[in-house]
Amino acid sequence: MSYHPFDSVADRYDQVFTDSGIGRFQRSAVHHYLDRRVFGDAPLSILELGCGTGEDATYFAALGHRITATDISPSMLEITLAKAEKCGLTDRIRTVPLDLQNPDCSSLEGPFDLVFSNFGALNCIDEAGLRNLAEKLVPITTIGSHAVFVVMPRACLWETSYFLVRAKPRSAFRRFRGGPVSAAVGQASVPTWYHSPGAVARAFKPAFQRQAVTPVGFTVPPSFLEPWAGRNPRVLAALAKIDQIVRPIGLLGSISDHALIHLERK
């Protein structure tokens with residue numbers, strides 16, 4: 001697979017997001033949901049879309065699950081494999097290059113019990129792309145399979161408030177635009193579409209039915225505020241506790257930094 005803009009940030013991604021205070025709190029919220037609502041005693045076969053540096057893949061594999069980790073970035077896949085080797089999990093993690101805009105799922109070796117995508121990988125495709133992806137997932141999932149997608153919704157209270165206070169209305173309302181927004185990735189940029197939980201659920205009908213929506217980052221701020229969060233760890237910890245309290249309020253997912261959408265295959 002050819003070079004992708006995400007290759008340029010792969011070696012710094014863990015430092016900038018994964019290992020940051022905000023990144024850890026938001027990821028723990030996602031893992032908590034999966035541990036409580038999806039994972040049981042039996043190991044699952046998991047397809048991860050947009051695996052990044054493999055942080056989730058290694059977490060799942062350590063629990064005994066088997067993961068097919070996919071990404072459009074060759075560098076991200078290399079880092080994922082390196083993590084798997086370091087953790088002794090190569091027997092449970094397989095990496096496959098995959099372009100979500102034009103997914104070729106023929107080599108993915110399903111069926112999968114869970115299709116998972118974290119922190120905005122699905123924001124790299126438009127709604128037509130979501131519908132196309134849903135069609136491609138049907139043959140490699142079975143009745144009762146789960147799909148858990150964590151996306152950036154069309155509104156974020158934190159983000160809008162922050163930029164309005166700084167008199168930057170264009171940035172404050174960037175998620176509200178209908179078309180793609182150009183998001184900086186290293187020295188390049190990628191088109192980004194913001195999807196409401198309802199839009200994701202509609203795109204995956206009729207094969208997948210919505211089970212739940214959970215806010216991820218309602219009181220915990222977006223990652224671009226990590227410099228502030230790093231200077232105020234106690235405040236961030238307090239905000240994370242509030243995030244835990246409001247997690248059951250699904251409507252907040254539409255105005256949080258991320259929304260977790262849980263679907264089930266019909």
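The values are calculated or read from the model by the stated rules, or taken from the named source; none is laboratory data. If you're wondering where the values come from, they're calculated on a predicted model, not measured in any experiment. Note: ideal-geometry Cβ built from the backbone for every residue, glycine included; neighbour counts use all protein chains shown.
Only a single criterion out of (1) within 26 Å of Gly52 (Cα to Cα); (2) in contact with a strand residue (DSSP E or B) (Cβ under 8 Å, 6 or more places away or on another chain) is not satisfied by Ser171, namely (2). Restricting attention to region 56-97 and to residues that are within 22 Å of Ile140 (Cβ to Cβ) and among the charged types (D, E, K, R), the residue that is surrounded by the fewest Cβ atoms within 10 Å (Cβ to Cβ) turns out to be Asp91.
Yes or no: Asp113 under 18 Å from the mean Cα position of the chain (by Cα), in a strand (DSSP E or B) and either at pLDDT 95 or above or not acidic (Asp, Glu) (or both)? So Asp113 passes the test.
In the set (1) over 18 Å from the mean Cα position of the chain (by Cα); (2) without any contact (Cβ under 8 Å) to a residue 24 or more places away in the chain; (3) outside any loop (DSSP other than H, G, I, E, B), the condition left unmet by Leu81 is number (2). Among the residues of region 38-48, those identified as hydrophobic (A, V, I, L, M, F, W, C) and buried (at least 24 other Cβ atoms within 10 Å of the Cβ) are Ile46, Leu47.
Per the listing Tyr33, Tyr13, the residue uniquely touching a strand residue (DSSP E or B) at 6+ places or on another chain (Cβ under 7 Å) and not charged (D, E, K, R) is Tyr33.
Among the residues of region 116-148, those identified as assigned to a strand (DSSP E or B) and either polar (S, T, N, Q) or without any contact (Cβ under 8 Å) to a residue 40 or more places away in the chain (or both) are Ser117, Thr141, Thr142, Ser145.
For region 135-148, taking the residues that are out of contact with any Leu (no Cβ under 6 Å at 6 or more places or on another chain), aliphatic (A, V, I, L, M) and over 11 Å from Phe116 (Cα atoms), the one that is surrounded by the most Cβ atoms within 10 Å (Cβ to Cβ) is identified as Leu137.
Listed conditions (1) more than 17 Å from the chain's Cα centre (by Cα); (2) at pLDDT 95 or above are all met by Cys105, apart from (2).
Screening region 149-266 for helices (runs of 4 or more DSSP H) wholly inside it with 1 or more residues that are touching a residue at least 24 places away in the same chain (Cβ under 8 Å) and surrounded by fewer than 20 Cβ atoms within 10 Å (Cβ to Cβ) returns the ranges 157-165, 197-203, 226-231, 233-246.
Residue count for region 10-31 under the criterion of being crowded, with 19+ Cβ neighbours inside 10 Å and modelled with pLDDT under 95: the result is 3. Residues in region 187-205 that are modelled with pLDDT under 95, over 19 Å from the mean Cα position of the chain (by Cα) and not aliphatic (A, V, I, L, M): Gln187 only. Of all residues in region 94-107, those satisfying the criterion of being within 14 Å of Ile72 (Cα to Cα) and in a loop (DSSP other than H, G, I, E, B) are Leu98, Asp99, Leu100, Gln101, Asn102, Pro103, Asp104, Cys105.
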